[in-house]
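The values are calculated or read from the model by the stated rules, or taken from the named source; none is laboratory data. Quick caveat: nothing in here was measured; it's all calculated off a predicted structure. Cβ atoms come from the backbone with ideal geometry, glycine included; neighbour counts cover every protein chain shown.
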Amino acid sequence: MSSPVPVHVPPDRVVEFDRFTSPVLQRCPHRGVADLFKNSPDIFYTTGDRGHWVVASATLARDMLRQTDKFSSDPVHNPANARKPPTLPNQADPPLHTELRRIINPFFSPAGVQKLEHSVRQLAGELIDEVIGRGHCEFLRELAQRFPVQLFMRMTNAPMEDREMLVAKVDRFTRAPDIQQRLAALGELGDYLKGMIAERERTPGDDLVSLAIHGTVHGRGLTDDEKLGMVNLLFLGGLDTVAAMLSFIMAYLGQHPAQYQRLVSDPELIGNAIEELMRVHGVAGMERGVTADMDYAGLSFKAKDRLVFLPHVYGLDEALVDDPFRVDFDRPISSHLVFGSGPHRCVGSHLARLEMKVFIEEWVRRIPAFSVAAEGDLPTRGGLVWSPVAVPLEWPVADTVADPLAGQDQGAAA
């Protein structure tokens with residue numbers, strides 16, 4: 001939906017770009033949008049998606065995301081981003097944001113995530129072994145939307161039979177071009193989660209939902225809106241973002257066999273490789289609202305102006321990374337902002353890294369060579385979270401090794 005250009009926006013700062021429907025998002029979106037940003041003002045205004053500023057510069061984005069007093073997550077300063085149910089803590093600023101995040105931090109800390117490695121590795125192996133003898137799979141649907149999603153369903157003790165229904169609702173919220181469709185999907189998800197929250201209030205467990213809703217902020221319990229907002233954001237992130245990024249990464253490795261062979265020959269490279277592959281395959285963006293009339297970076301902003309950030313491509317900004325389109329597994333780990341910056345940096349980043357690293361390790365152990373079973377660039381979708389439409393993969397069955405750690409000490413395998 002297009003909107004008029006506000007009078008305070010200079011004409012030379014207007015660039016047409018819709019993060020849901022622009023053609024540049026339908027094939028190779030990272031390169032396409034990075035090229036668009038390279039040839040655009042560092043901050044520009046678009047009339048697409050109800051009208052908003054887009055921050056094209058990674059350096060400015062990092063600075064702005066750290067200044068919550070000027071560029072706020074609270075929908076009070078960005079009414080277009082107000083929604084019911086809310087998403088918390090990412091729609092709050094410090095100090096409330098800090099208090100809400102503290103509730104779930106132990107689960108997502110490096111130490112908390114490390115406790116999950118054995119179950120993460122076991123599930124990755126089981127799912128790969130289901131398809132390995134077939135010699136092909138559609139990765140997004142058969143593995144990416146099962147592996148991290150099933151792990152998340154276990155963490156929240158959600159009914160596994162509801163997986164596909166929940167993934168579909170999240171997909172509509174994150175990618176439907178029409179705002180009313182997105183809000184309807186969010187409302188349906190919220191109605192589902194209200195039942196889960198009521199159950200955990202009656203019978204708390206040791207799951208992530210119970211942890212989130214029984215926390216306190218400033219010495220008080222959470223309100224009903226805060227409980228729903230916390231659980232809502234957990235499900236939106238846990239059911240989509242890792243699946244999308246892992247699909248992009250697997251598509252890349254299938255299209256670049258020489259680089260994949262480096263991982264097969266030297267699995268110790270996988271940790272660095274994942275960091276480099278995330279840099280060029282970001283998937284999730286974010287919004288902020290301007291808190292007051294102000295001048296920043298040579299522009300005049302008005303209170304309640306919308307700001308959209310696209311960390312998807314900030315790792316491809318030459319001002320941040322040298323030769324950014326070169327994927328180099330030996331590159332020193334560079335800034336990429338894939339998980340955001342400032343106090344709102346993604347709380348699930350350690351878990352996401354673990355899931356992708358472990359999955360690639362288990363794939364490499366079993367499948368020494370594979371390719372994308374399609375010609376040309378794969379179709380992709382824009383939205384709040386970018387994703388391939390499908391990732392068809394194939395491999396020689398004769399060379400594969402199902403469950404390569406079978407018979408070994410399970411402690412060592414973990």
**Report entry** Identity of the residue in the stretch 354-392, part of a strand (DSSP E or B) and over 22 Å from the mean Cα position of the chain (by Cα), that ends up nearest to Ala244 (Cα to Cα)
**Finding:** Val372
Query raised in the report: When the stretch 288-299 is examined, which residues are found to be of a type outside the set (A, V, I, L, M, F, W, C), out of contact with any Pro (no Cβ under 9 Å at 6 or more places or on another chain) and outside any loop (DSSP other than H, G, I, E, B)?
Result: Arg288, Asp295, Tyr296
Report task. Tell me which of these Val372 doesn't satisfy, since it passes every other one: (1) surrounded by fewer than 17 Cβ atoms within 10 Å (Cβ to Cβ); (2) of a type in the set (A, V, I, L, M); (3) modelled with pLDDT of 95 or more. Result -> (1)
Report summary line: Expected output for the stretch 235-259 (first residue under 21 Å from Gly383 (Cα atoms) and surrounded by 23 or more Cβ atoms within 10 Å (Cβ to Cβ), partner among the hydroxyl-bearing types (Ser, Thr, Tyr) and modelled with pLDDT under 95, Cβ below 6 Å, 6+ apart or cross-chain) is none
Query raised in the report: Is there a residue in the stretch 173-183 that is of a type in the set (S, T, N, Q), modelled with pLDDT of 95 or more and surrounded by 16 or more Cβ atoms within 10 Å (Cβ to Cβ)?
Result: yes
Query - Residue ID - surrounded by the fewest Cβ atoms within 10 Å (Cβ to Cβ), chosen from residues in the stretch 40-91 that are among the small types (Gly, Ala, Ser), closer than 27 Å to Asp224 by Cα and at pLDDT 95 or above - result: Ser72
Query raised in the report: What residue, of Phe359, Phe370, Phe325, is within 30 Å of Asp63 (Cα to Cα) and among the aromatic types (Phe, Trp, Tyr)?
Result: Phe325
Query raised in the report: Would a scan of the stretch 276-284 turn up a residue that is of a type outside the set (Phe, Trp, Tyr), in a loop (DSSP other than H, G, I, E, B) and either over 20 Å from the mean Cα position of the chain (by Cα) or within 14 Å of Ile43 (Cα to Cα) (or both)?
Result: no
Report task. Would you please name the residue that is nearest to Arg279 (Cα to Cα), looking only at residues in the stretch 339-369 that are in contact (Cβ under 8 Å) with a residue 40 or more places away in the chain and in contact with a Cys (Cβ under 8 Å, 6 or more places away or on another chain)? Result -> Gly340
Report summary line: Within the stretch 118-166, of all residues that are surrounded by fewer than 17 Cβ atoms within 10 Å (Cβ to Cβ) and among the hydrophobic types (A, V, I, L, M, F, W, C), the one farthest from Ala398 (Cα to Cα) is Met165
Query raised in the report: From the list Leu320, Leu310, Leu299, Leu277, which one is in contact with a Ser or Thr (Cβ under 8 Å, 6 or more places away or on another chain), among the hydrophobic types (A, V, I, L, M, F, W, C) and either buried (at least 19 other Cβ atoms within 10 Å of the Cβ) or touching a residue at least 40 places away in the same chain (Cβ under 8 Å) (or both)?
Result: Leu320
Query raised in the report: Which residue pairs have Cβ atoms closer than 7 Å, lie 6 or more positions apart in sequence or on different chains, and pair a first residue in the stretch 186-198 that is free of Cβ contacts under 8 Å to residues at least 24 places away in the same chain with a second residue that is assigned to a helix (DSSP H, G or I) and among the aromatic types (Phe, Trp, Tyr)?
Result: none
Query raised in the report: Taking Leu320, is it in a loop (DSSP other than H, G, I, E, B) and within 28 Å of Ser247 (Cα to Cα)?
Result: yes
